[in-house]
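For reference, the structure discussed in these notes is given below.
Derivation of every value follows stated rules applied to the coordinates shown; laboratory data play no part. All values reported here derive from a predicted model rather than from experimental measurement. Heads up, the Cβs are rebuilt from the backbone with ideal geometry, glycines too, and the neighbour counts pull from every protein chain shown.
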Amino acid sequence: MKKTSFLFILVAAAIFAFGSCKNDKRSQQDDFDDEDDIEMADEDEEGEDAADDALPKRSDYKFRTEVVMSEPDEEGDEVVENIIIHMKPRHGKETIVDIEAVMPLDTINWHGFGVIHEDDINFDGYPDLMVCGGPSNAYGNYTYDAWLWNQQTRSFDHVDGFYEIFDPVIDADRKEITGGFHMNNEYEYQEVWKWKGNKIVMIESKTIDYTKMDDEEEDE
């Protein structure tokens, strides 16, 4: 074999080996890049999870109310003036809401002031918050202030006008809230309310005249 042929073979082998080495290095670098991308994605997900965990869950909240009484009068009687609501997440700032009692009444003959109800009042699967403001007249007609749980912000949104629903009854099957107002022993005003977004809207109302019902029963 001639020397030139032998040298040609050696050069070709060296070029092939060098090219293979470059390809190997490139593929390894590609692998490293992929691993870096995966690690960065994992870090992003962990960051999102951490930010999500920083927001309180509905179950993290604790609630309590204080019933503020007036100064005793000359006869020693005192009545409810305000109801202070405390909403405190496990981690975070406490929210304090001060509402006036609908009708200043004593707690000896009347009850319900500041009672907390945790029902799903807007039928989205999350329990909300209703706080009793007390009766509005001698026939009861209890009023409530309400807050909806907002799953996006992980906080409570106040429901404007909810106190206009007297003695609210939650109907989960029909996704309605019914209310009733006793004007006296002879008349009762009834309403049906539905949600439109985060607003509660009255869709039906009627007045029941018990005197006519009594007359009809007598005629029968």
Checklist entry - For Ser59 and Asp106 in one chain, what is 0.36 nm times their gap in residues minus the Cα-Cα distance, to one decimal in nm? => result 13.6 nm
Item to check | For segment 134-185, size of Cβ-based charge dipole, Lys and Arg +1, Asp and Glu -1, in debye | outcome: 100 debye
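For every other residue with a beta carbon closer than 12 angstrom to the beta carbon of Phe63, add +1 if it is Lys or Arg and -1 if Asp or Glu, then tell me the sum. Don't skip to the answer; put the middle values down first.
Details: positive: Arg58, Lys62, Arg64, Lys88; negative: Asp60, Glu66, Glu94, Glu118, Asp128.
Value of the local net charge: -1.
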Checklist entry - Considering segment 64-220, what Rg and Dmax in Å follow from its alpha-carbon atoms? => result 18.2, 66
Checklist entry - Using the Cβ atoms and a cut-off under 11 Å, what net charge is assigned to the surroundings of Phe166, where Lys and Arg are +1 and Asp and Glu are -1? => result -4
Next on the checklist: Can you compute the charge dipole magnitude of segment 55-200 about its Cα centre, using +1 on each Lys and Arg Cβ and -1 on each Asp and Glu Cβ, nothing else charged? Give it in debye, rounded to the nearest 20.
Outcome noted: 1260 debye
Checklist entry - If you keep only loop residues by DSSP, which GluC sites (Glu not before Pro) in segment 172-211 have at most 15 other Cβ atoms within 10 Å of their Cβ? => result Glu186
